[in-house]
Every structure is written in C-alpha cells, then in structure tokens.
C-alpha cells in the first residue's frame with residue numbers, strides 16, 4: 001500500500017509566467033545550476049539540434065574531469081541561441097516560475113511531429129526547480145501550465161524522459177499521474 005506523506009514544508013507563493021527574451025540569461029543560469037547537480041552531466045538539449053552542449057559551466061568553475069559534446073559554436077552561445085529561439089517558437093516554449101521576485105525554476109516543452117507517424121506528441125524536455133524551492137508545488141505548477149499550453153495547440157498525448165535511476169524523479173512523475181510506457185536506450 002502506498003501512503004502519501006504530507007509535506008511539512010510551507011508552500012511558497014509563486015507565479016508561473018511565459019518566458020521572454022529578458023529571461024534568456026536567467027534560464028541559462030538555472031540550466032547551468034541544473035547541470036551541476038546532474039550526475040553524469042547532460043550532454044545534449046533533447047532533440048532541438050544535433051551537438052548542442054547543455055552543460056556550460058559558469059566562469060571560474062573547474063571542469064577538467066567532465067566530457068562535453070562538441071558544437072559548431074561556442075557552447076554558451078549555442079545554448080543562448082536555443083533559448084532565444086523558444087521566445088517566438090510556434091512549436092516549443094518555456095515557462096519560468098518566480099518566488100519572491102526571484103527565479104525558482106523553469107520548464108521547456110514542445111509539440112513534436114514524426115515524419116512517418118500521424119499526430120503530434122507533447123514533450124516536456126527540461127524541468128528544473130532550485131533546491132530551496134523544491135517540494136513546494138512549483139514543479140507541479142510548471143508541468144501543469146506546460147500541458148495547458150500544449151493542449152491549446154491541440155496536443156493530447158504527452159511524453160517525458162527522466163532518469164529512471166532517480167527515485168525522486170520517478171515518484172514526481174507518478175504522483176502527477178504519468179505512467180511508464182517504454183524504456184529508452186542511449187548509445188554513445
């Protein structure tokens with residue numbers, strides 16, 4: 001039997017809003033923060049472009065032990081280009097969560113078509129909430145708003161990929177009602 005433990009942490013007042021060009025640097029910094037917490041560090045920004053590096057360490061951080069995917073442009077520039085493309089994209093978007101006038105997290109999502117299969121699938125590509133703001137409903141709010149945006153684009157099937165070895169991630173998605181549908185394998 002599964003028991004739900006009520007979160008003793010206070011729920012903070014937060015807002016979720018659309019990503020704008022003024023948010024590019026903020027989301028870039030949040031993305032770097034997420035990559036620093038990840039083990040191993042992520043190497044590619046989902047399916048938005050081949051070879052786009054996503055872990056770009058902030059200045060002054062030692063990175064000699066990490067391996068990175070090569071890009072045709074400098075990695076931070078590639079990430080900024082990707083984020084700028086989300087501002088006016090018809091098929092993808094980004095939402096930012098703000099708590100006490102400070103960025104608390106973000107989610108990126110897209111409506112994806114396959115050339116040989118009918119229909120459109122909504123994907124949640126990246127979801128990050130800063131450590132002090134976790135377990136306060138911000139991740140749930142970000143995902144909910146992303147799904148609402150995708151539904152407005154007439155998308156009714158959704159997909160997310162997460163690290164199956166992370167029980168917190170699995171628990172988060174399961175608590176939101178997502179079901180495991182398949183196993184993905186990566187080859188490098």
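Taking the residues in the range 136-171 that are at pLDDT below 90 and in a helix (DSSP H, G or I) as candidates, determine which candidate is farthest from residue 16 (Cα to Cα).
Applying the filter and picking the extreme gives 167.
Would you pick out the residues in the range 1-42 that are at pLDDT 75 or above, loosely packed, with under 14 Cβ neighbours inside 10 Å and either assigned to a loop (DSSP other than H, G, I, E, B) or at positive phi (or both)?
13, 20
The values are calculated or read from the model by the stated rules, or taken from the named source; none is laboratory data. Computed from a predicted model, the values in this text were never measured in an experiment. Positions of Cβ are generated from backbone atoms using ideal geometry, with glycine treated the same way; all protein chains shown enter the neighbour counts.
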